[in-house]
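The values are calculated or read from the model by the stated rules, or taken from the named source; none is laboratory data. Predicted model only: the values in this text are computed from it and were never measured. Quick reminder, even Gly has a Cβ in these numbers, built from the backbone with ideal geometry, and neighbours come from all protein chains shown. Just the protein is used for accessible areas: all its heavy atoms, side chains included, with ligands, DNA and RNA removed. Shrake-Rupley method; radii C 1.70, N 1.55, O 1.52, S 1.80 Å.
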Amino acid sequence: ETAAEKRGLAMITGNAGLSPKRENVYLDLFEEQRVRGVLFTPQTQELGRIDALRSRGTPVVLVDEHAPPSRYCSLAVDDVEGGRMAVEHLLDGGARRVAFVGGPTSLHQVVDRRVGAERAVGAVSGASLTVVETAALTVLEGRGAGERIASLSVAKRPEAVFAANDLVALGLMQAFMFNRRLHVPEDIALIGYDDIDFATSAISALSSIRQPARLMGRTAVELLEDEIADPEHQHRHVSFQPELVVRDSTRVAE
């Protein structure tokens, strides 16, 4: 939005909330408003609706999506690498029983982060990964998953948890520390993904995988301007690398 404003553009936003039906409502609205272009994060891998939108003259850039350059300009963070970094950090801290918490699996970001976690575990002898699926990436879903994990015996409970995003991680922390009296990170280490503002204000400051959100926003607007100027130009995909941010939730005092 800041990048658009600097170029004299106004931005209309819509949150589909994982609903393909709501997604189509917003796309219809944007087309009716004759917007100059659309920055779009798909809810599914079916892009027929976007193909039709672009064929009618509305430029589109896919955000947080690895699209073939032959079809679209796109940009995304390497979530497989981010997942690997998160779990490698937990393993380096001494954990061997690790859990991955997140969902739904219809979100490729969740799948990619889990694949990265599996790669990290596969590289360490004696390490294991338990997957706890959630219906959404919300605090409430994280809290429910945390209750299930905390109810396990010490022998079966994971020593560390990688949450698919920070909201899930904050819900997990609430369940661990408020209801079950598990201390983070002494009893169970915890890392999230996205490095949202609330990560630093959690009861135990949350370790996370940071995405370069502002840079991604600026790049998305730049790609869209290229599409507006020349719809037939060669499309580009821009990939960003995530960054490990270590805080109290995975740092045990010596």
**Message:** Could you work out what % of the accessible surface of segment 1-90 is carbon and sulfur, using a 1.4 angstrom probe and leaving DNA, RNA and ligands out of the count?
**Reply:** 48
**Message:** Could you give each residue of segment 172-184 its phi-based ³J(HN,Hα) in whole Hz, using Karplus coefficients 6.51, -1.76, 1.60 with θ = phi - 60°, and x for Gly or Pro?
**Reply:** 4, 4, 4, 5, 5, 8, 8, 8, 10, 6, 8, 8, 9
**Request:** For every other residue with a beta carbon closer than 12 angstrom to the beta carbon of residue 164, add +1 if it is Lys or Arg and -1 if Asp or Glu, then tell me the sum.
**Result:** -4
**Asked** Averaged per residue, what accessible surface does segment 162-254 expose to a 1.4 Å probe, in Å²?
**Response** 50
**Asked** How high is the relative contact order of the chain, in percent, counting Cα pairs under 8 Å that sit 6 or more residues apart?
**Response** 21
**Request:** Order these peptides, 235-246, 72-83, 135-146, 14-25, by their mean beta-carbon neighbour count within 10 angstrom, highest first.
**Result:** 72-83, 135-146, 235-246, 14-25
**Item:** Lys, Arg +1 and Asp, Glu -1 on Cβ, resulting dipole of the chain about Cα centre, debye, nearest 20
**Value:** 600
**Dipole magnitude (debye, nearest 20) for segment 38-114, charges at Cβ of Lys, Arg, Asp, Glu** = 200
**Request:** Quick one: net charge around residue 151, please, counting Lys, Arg +1 and Asp, Glu -1 for every other residue with C-beta under 12 Å from its C-beta.
**Result:** +3
**Complete:** GNM on the chain, Cα springs under 10 Å; top mean-square fluctuation among 210, 181, 119 goes to 181
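Among 48-59, 92-103, what's the highest-first ranking by average C-beta atoms within 10 angstrom per residue?
Put in order of decreasing packing, that is 92-103, 48-59.
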**Message:** Restricting the calculation to Cα positions, tell me the Rg (one decimal) and the Dmax (whole number) of segment 1-115 in Å.
**Reply:** 17.5, 55
